[in-house]
Amino acid sequence: MIAFLAWTPLIRSGPNAAAYPNLGLLNGERFERVMYASVGAFVAEILGAGVGVVVAERMTGRNIWKEYARFLARYPRIFFALIVATAHVLLDAILALVSLEFEKK
């Protein structure tokens, strides 16, 4: 998510902008709305994860981060799959906010 927020403005207005014609559709106010919505989605995901951790710890009496560390120590090969799944979910959240139109008007 942080990479999306950082690279989209750079790619859109940088020297390689011609290689990404779809980003040219995001101009002016539309680009600002996409970026604000993306920041909002990012903040909501972080806050939601924090609330989930607090609720789970209060309901179970266990430290979620210690449980996670034990899980990764027991199954170290799953770490890559967790990263891929996390990236997939975050990208789905962002792509749901962007509505690209490819028809010329």
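The values are calculated or read from the model by the stated rules, or taken from the named source; none is laboratory data. Note that the structure is a prediction, hence the values are computed from the model and not measured. FYI the Cβ positions are ideal-geometry reconstructions off the backbone, even for glycines, and counts take in every protein chain you see. Just the protein is used for accessible areas: all its heavy atoms, side chains included, with ligands, DNA and RNA removed. Shrake-Rupley method; radii C 1.70, N 1.55, O 1.52, S 1.80 Å.
The residue pairs whose first member lies in the range 20-43 and is of a type in the set (S, T, N, Q), whose second member is at pLDDT below 80 and part of a helix (DSSP H, G or I), and whose beta carbons are closer than 9 Å, counting only pairs six or more residues apart or on different chains, are ASN27/ARG12; SER38/PHE4; SER38/LEU5; SER38/THR8; SER38/ALA93; SER38/ILE94; SER38/LEU97.
Of the numbered criteria (1) at pLDDT below 80; (2) open to solvent by 40 Å² or more (accessible area, probe 1.4 Å), the one GLY14 fails is (2). For VAL43, the test of being among the β-branched types (Val, Ile, Thr) and over 21 Å from the mean Cα position of the chain (by Cα) is failed. Filtered by the rule that a residue be open to solvent by less than 60 Å² (accessible area, probe 1.4 Å) and more than 15 Å from LEU90 (Cα to Cα), the range 35-56 gives GLY50, GLY52, VAL53, ALA56.
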